[in-house]
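First up is the structure itself, then whatever we jot down about it.
The values are calculated or read from the model by the stated rules, or taken from the named source; none is laboratory data. Keep in mind that what you see is a predicted model, and the values were worked out from it rather than measured. Ideal geometry is used to build each Cβ from the backbone, glycine not excepted, and the neighbour counts take in all protein chains shown.
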Amino acid sequence: MALRIGIVGYGGAGRQIHARLARAAGMAVTAVVARDSGRRMQAAGDWPGARLFNDLPSMLDESGLYDLVVVASPSFLHAEHAAAVAAVGKPFVLDKPIGTTAAEARRVVSAASSSGTPFTVFQNRRWDPEQLTLAALLERGDLGQVHTFERHWERWRPKPQQRWKENDVRGGGLLLDLGPHLVDSATQLFGPVVAVYAETRAISTPTEDDVFLVLHHAAQDGKQVGQQDGKPGRAAAADVLFGAEPPAKGVVSRLWAGSLVGAPGPRTRVLGDGGAYLVNSFEGDPSPFDVLDAEQPEGTLGWLVRGRERTAVPQPRGGHDDFYPAVAEWLAGEAEVPVDPADAVRTAEVLDAARRSAQEGRLVDV
């Protein structure tokens, strides 16, 4: 039986991402929380027969209408809305970030645990074709021992969009918008983060629209970088900062997010002692580097590069459409949780450390 979904928030995330992916999975949206009249009209047109509510408590009073709640409200409301859903015991998907701070994130997990309510976090970028391709490349060992991971998530928006993400100082800004994806992607590939250095600026918006993160990952104790089943060591940030021997084989991730970038990219570069993985552009966003992909064969994504030598990398099957089927299997007891909320708490801790680093101008332990 297909899951029935109640969506909290029917804006860019609720309608354009969650509702679209739910439809692709054969699920039905049967309840929507939206106050804006235009979004209510969109929801009614997209899902004839769905019940529309002005607020979350009203929808929760009608919990028989749906099997799963999707919280896609603005980020500063995530913790409050998640706690309300947990209190009635309805399984839910919480969009990222899990909270605006690690303390909020931990409160969400505690509320769900206290009521025995299952939930997962929408870290959908784990299902990016680029991420899946890189994970497969690391599994094969084609890059050898990896030492550096770089990812640019950059846009050219000289006229900022007039949305809460750009203007709301409580939950907006790129650190909370793109930062959870960047940090989660890095930690999924290269393990826990032990120290962070960050720089953030607000160039064209009230919230930060320029973010640079340096993540120092724990050593993998002799295991191939990318594998995560060992017990990682821990290094003090001061040792790295003042020149002591860094953790053996610990990867350093350098991550960029920006909205005022006239030349976005290259998207991803991963460096190892056996070569590099290079992705030049991302999801069709304009980039001067996309000309380098003119000869990219069908069924491949990115290049394995050794100097001037480059080889196209096969793309495995999978993508964002896999998220909601994974949710259905999890709720049916047939699979593990798609994203462990504990991972999202650790990501929030890294972002807290990044915020502190940017304020104090130093490397900060996580």
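General remarks:
- Those residues of the stretch 1-33 which are within 16 Å of HIS320 (Cα to Cα), among the small types (Gly, Ala, Ser) and part of a loop (DSSP other than H, G, I, E, B), in sequence order: ALA25, GLY26
- Taken over the stretch 312-331, the criterion of being in contact (Cβ under 8 Å) with a residue 12 or more places away in the chain, outside any loop (DSSP other than H, G, I, E, B) and either under 20 Å from ALA19 (Cα atoms) or out of contact with any helix residue (DSSP H, G or I) (no Cβ under 8 Å at 6 or more places or on another chain) (or both) is satisfied by ALA312, HIS320, ASP321, ASP322, PHE323, TYR324, PRO325, ALA326, VAL327, ALA328, TRP330, LEU331.
- Residue in the stretch 247-298 that is modelled with the lowest pLDDT, counting only those that are closer than 18 Å to GLN315 by Cβ and of a type in the set (Ser, Thr, Tyr): SER281
- For the stretch 97-116, the set of residues classified as closer than 21 Å to ARG4 by Cα and touching a strand residue (DSSP E or B) at 6+ places or on another chain (Cβ under 7 Å) consists of ALA112 only.
- Single unsatisfied condition, PHE119 versus (1) under 14 Å from the mean Cα position of the chain (by Cα); (2) buried (at least 19 other Cβ atoms within 10 Å of the Cβ); (3) not polar (S, T, N, Q): (1)
- Matching residues, the stretch 180-200, being within 20 Å of THR100 (Cα to Cα) and either in a helix (DSSP H, G or I) or outside the structural domain of LEU137 (by TED's automatic domain parsing) (or both): PRO180, HIS181, LEU182, VAL183, ASP184, SER185, ALA186, THR187
- The stretch 275-299 - residue that is charged (D, E, K, R) and buried (at least 16 other Cβ atoms within 10 Å of the Cβ) and, of those, farthest from GLN145 (Cα to Cα): ASP290
- Total residues in the stretch 91-143, condition assigned by TED's automatic domain parsing to the domain that holds LEU175, more than 21 Å from LEU178 (Cβ to Cβ) and touching a residue at least 40 places away in the same chain (Cβ under 8 Å): 7
- Unique match (being closer than 30 Å to ARG23 by Cβ and either at pLDDT below 95 or of a type in the set (Asp, Glu) (or both)) among GLU309, GLU334, GLU349, GLU360: GLU334
- Selection within the stretch 87-116 - under 15 Å from the mean Cα position of the chain (by Cα) and not hydroxyl-bearing (Ser, Thr, Tyr): VAL93, LEU94, ASP95, LYS96, PRO97, ILE98, GLY99, ALA105
- Qualifying residues in the stretch 269-308 (those that are part of a helix (DSSP H, G or I) and of a type in the set (A, V, I, L, M)) - the one farthest from LEU134 (Cα to Cα): VAL291
- Total residues in the stretch 177-201, condition more than 10 Å from LEU215 (Cα to Cα) and among the small types (Gly, Ala, Ser): 3
- Pair list, Cβ < 7 Å and 6+ apart or interchain, from the stretch 152-179 residues that are closer than 17 Å to SER73 by Cα to residues that are modelled with pLDDT of 90 or more and surrounded by fewer than 16 Cβ atoms within 10 Å (Cβ to Cβ): ASN167/PRO206; VAL169/PRO206
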